[in-house]
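Bear in mind these aren't lab numbers, they're just calculated from the coordinates by the rules spelled out. Computed from a predicted structure; not experimentally measured. Cβ placement follows ideal geometry from the backbone for every residue including glycine, while neighbour counts extend to all protein chains displayed.
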Amino acid sequence: MKRLAILRHAKSSWDDPALDDFNRPLNKRGWNAARRMGGELSDRGLSFDQVLASTAVRVRETIEGVSEKFDLGASTEFDRGIYLASEATLFSRVRALAETTMAPLIVGHNPGLERLLIGLTHNDSRGFRARVAEGYPTAAFAIVELPTDEWAQAEPGSGQLVELIFPRDLD
């Protein structure tokens, strides 16, 4: 069994319309949500053995905010290819993970993350997948359990969403 965690970046600022998308920082609400999510991950006793993240400023700042309340437990590998990546690109990154990696965290962007979650999972009794299909908001966090011992053998639709945290659930 493999466990894949997915965190969408927190809310970014649109205060500077001249700033390109890649360089947009978090706004105040985003910083608060990142810290709050970090506290929740800590309270739940979660751990990761690898962190893969987009190189975008808002992702870097999300990780920084989460880290103020939660020790990620692994070094972060920033990958430009995760910036605005498609479901197919993200799925290929999942299948390329080292087999010794048991609990990675991917931090990135929609719509790719939302589509990856929907594509990897099947319907569940708690309605997590249906909730993601309605929208995966900023600073949302999910864990998918995949019934495989090898990342390269991960199959679409085989996973089960076992954790789903939206920032508004923490208010």
Legend entry - Contour minus Cα-Cα distance for residue 44 and residue 78 (0.36 nm per residue): 9.7 nm
Inset, instruction - Choose one answer from 135, 159, 112: the residue with the largest mean-square fluctuation in a GNM of the chain with alpha-carbon springs under 10 Å. - result: 135
Legend entry - For the range 1-136, with +1 on Lys and Arg beta carbons and -1 on Asp and Glu, the positive-most of 55, 90, 45 along the dipole: 45
Inset, instruction - Excluding residues on the same chain fewer than 8 positions from residue 28, give the lysines whose Cα lies under 28 Å from its Cα. - result: 11, 69
Legend entry - Near-label residues of the range 130-163 by backbone N, under 19 Å of a point 7 Å along Cα→Cβ of residue 99: 146-155
Legend entry - Most mobile of 149, 15, 79 in a GNM of the chain (Cα contacts under 10 Å): 15
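Tell me the GluC sites (Glu not before Pro) within the range 84-171 that lie in a loop according to DSSP and have at most 12 other beta-carbon atoms within 10 Å.
Working: sites: 87, 99, 114, 134, 145, 150, 163; in loops: 99, 134, 150.
Loop-located and lightly packed - 99, 134, 150.
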Legend entry - the chain, relative contact order [Cα under 8 Å, separation at least 6], %: 31
Inset, instruction - Could you tell me what fraction of 2.2 N^0.38 Å the Cα radius of gyration of the range 45-159 comes to, as a two-decimal ratio? - result: 1.02
Legend entry - Separation of alpha-carbon centers, the range 110-135 and the range 67-103, rounded to whole Å: 18
Inset, instruction - Report, by chain and number, residues whose modeled amide H sits under 5 Å from the one on residue 103, excluding near sequence neighbours (fewer than 5 apart, same chain). - result: 49, 50
Inset, instruction - Sort 100, 76, 138 so that the residue with the fewest other Cβ atoms within 10 Å of its own Cβ comes first and the one with the most comes last. - result: 100, 76, 138
